[in-house]
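The values are calculated or read from the model by the stated rules, or taken from the named source; none is laboratory data. Just so we're clear, the structure is a prediction, and the values are computed from it rather than from any experiment. With ideal geometry, Cβ positions are generated from the backbone for all residues, glycine too; neighbour counts draw on all protein chains shown. In case anyone asks, the SASA skips ligands and DNA or RNA and just uses the protein heavy atoms, side chains included. Shrake-Rupley method; radii C 1.70, N 1.55, O 1.52, S 1.80 Å.
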Amino acid sequence: METPADIAKLQKERWARQAEYVRERSAFYRGSRLTGRIDELADLPLTDKDALRADQRDHPPFGSYLAAAPESVSRIHRTSGSTGAAMNIALSAADARMFAEVGARAMRLSGLGPGHRVVHCLNYQLWMGGYTDHAMLEASGATVIPFGVGSSERLISVIRELNVTAMHCTPSYPAVLEAVIAEHYPGLKPRDLGLKLGLFGGEAGLDEPAFRARLKEVWGFAVRNANFGVSDVLTVMAGQTETSNDLHFVASDVLYPQIIAPDGQQKNWREGEAGELVLTHLARECQPLIRFRTGDQISITGATNGLTRFRVVGRIDDMVVVRGLNMFPAMVQGVVSQFRELSGEYRITLDRPPPYDCLPLEAELDESADPNGVAVALEAASSASLAEPRG
């Protein structure tokens, strides 16, 4: 797909087939007016996580939106349930191949490929980030070491003995390893391990410049947010490159992306627009979704070589309106991280219903900081920074 026209043509063709498939096989969407015309997608109802959760409860274990025959299910995963009841995710063999290949595109964009030895440090127990991400890493052409979670002291030995060049984990895990190195490997510095590439996902905060800069300084590797995805839809659909910290959407052949305003109205998918990311499967056998609300507020920043670039502003359910402005925790983190005297940890406690004219913020001092004058400086900077509208 070399041009936007190529992508649009493929999406149109695939949606016509997918709409027919869903209309015939998915009881969940049987009442929807699926015409097979992609320009009419915006007229269809939105699907949200609560509806899917209720459907799985009423039609266990996969919900009535399971479009393939139960015997076609090749792999079963389960979400963590951090925002509600855990969800069962079914993949056919074709779904699993598609998940691996699209994810591999993001990994290759981020710099992973043949010649790399990558240690995979995510939970293999039912979570999509375990085995499905493992398959994605293999599809990139890299050599994969399936380490999982725990046994951090042993991990340091594995990295050294096998000459590992890349690590795939959550952004918070390097801090755990730093403590292990300090305790069990006196004289060894994290950057002495020789890792060239840090591939991260599964947690917020990586796009905070101060946090990213610290990771690069301490570990000596290139830092990539390589793992943006939505478990119900596609585990990895976007990643970063060495030239841009924007996320590049690499799934246009299997997903149709849209953005909507808070009232649900369709917005244009173009540079400068912002809204909640909504996704429709163009190629999914087991649990195809139509206009699924991801809950992620994104801002479209441009396009490179046909790939839309965007940034995640925050979660819709984390948004707070302050003095008429939409505020997200990431904005607060951006202010807090400006102060070397602070550890980067903070807490916002909303103990009354809106409206809000300020955010009650508690920030943790760094162990080496002098507390004198920090609170006054933070209050002044926070008031100045948060008074500016940001998307």
Checklist entry - Largest first, how would Ser72, Ser64 line up by accessible area (1.4 Å probe)? => result Ser72, Ser64
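Quick check: from the Cα gyration tensor, does the range 136-213 come out rounded (a/c under 1.5), prolate or oblate?
Working: a/c = 1.64, a/b = 1.07, b/c = 1.53.
Oblate is the answer for the range 136-213, as a/c is 1.5 or above yet b/c matches or exceeds a/b.
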Checklist entry - Under a 1.4 Å probe, what is the accessible area of the chain per residue, stated in Å²? => result 49 Å²
Checklist outcome for this item: Ranking Ser151, Ser140 from most to least accessible area with a 1.4 Å probe gives Ser151, Ser140
Next on the checklist: Which of rounded, prolate or oblate describes the range 36-147 when judged by the alpha-carbon gyration tensor and an a/c cut-off of 1.5?
Outcome noted: prolate
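Give the carbon-plus-sulfur fraction of the accessible surface of the chain in %, rounded to a whole number; probe 1.4 Å, heavy atoms of protein chains only.
Numbers: 9320 of 19000 Å².
C and S atoms contribute 49 percent here.
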Checklist entry - How many angstrom lie between the C-alpha centres of the range 7-47 and the range 136-180? => result 41 Å
Item to check | Space enclosed by the convex hull of the alpha-carbon atoms of the range 215-284, per residue, Å³ | outcome: 132 Å³
Checklist outcome for this item: Any residue on another chain or 5+ positions along whose placed amide H is under 5 Å from the amide H of Gln287 is listed here as Ala67
Checklist entry - Each residue of the range 46-59 in turn: what ³J(HN,Hα) in whole Hz from Karplus with 6.51, -1.76, 1.60 and θ = phi - 60°, glycine and Pro shown as x? => result 7, 10, 10, 5, 4, 5, 5, 4, 5, 5, 5, 5, 7, 9
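Can you tell me the relative contact order of the chain? Whole percent, Cα pairs under 8 Å, sequence separation 6 or more.
Taking the mean separation of contacting Cα pairs over the length of the chain, I get 13 percent.
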Next on the checklist: Please give the charge dipole size of the range 1-153, origin at the Cα centre, charges +1 on K and R Cβ atoms and -1 on D and E Cβ atoms. Round to the nearest 20 debye.
Outcome noted: 100 debye
Next on the checklist: Report for the chain the percent antiparallel among DSSP-assigned beta bridges with both residues inside it, nearest 5.
Outcome noted: 70 percent
Checklist entry - What value, in deg cm²/dmol to 500, does the helix sum -39500 (n - 2.57) over DSSP H runs of n ≥ 4 give at 222 nm once divided by the residues of the chain? => result -9000 deg cm²/dmol
Checklist entry - Which cross-chain or sequence-distant (5 or more) residues have an amide H under 5 Å from the amide H of Ile89, H modelled 1.01 Å from N in plane? => result His77, Arg78, Thr79
Checklist entry - Ignoring ligands, DNA and RNA, how do Val332, Val313 rank by accessible area with a 1.4 Å probe, largest first? => result Val313, Val332
Checklist entry - Tell me, what does the Kirkwood hydrodynamic radius of the range 93-137 come to in angstroms if you use every pair of distinct C-alpha atoms? => result 11.0 Å
Checklist entry - Across all directions of projection, what mean area in square nanometres is found for the Cα convex hull of the chain? => result 20.7 nm²
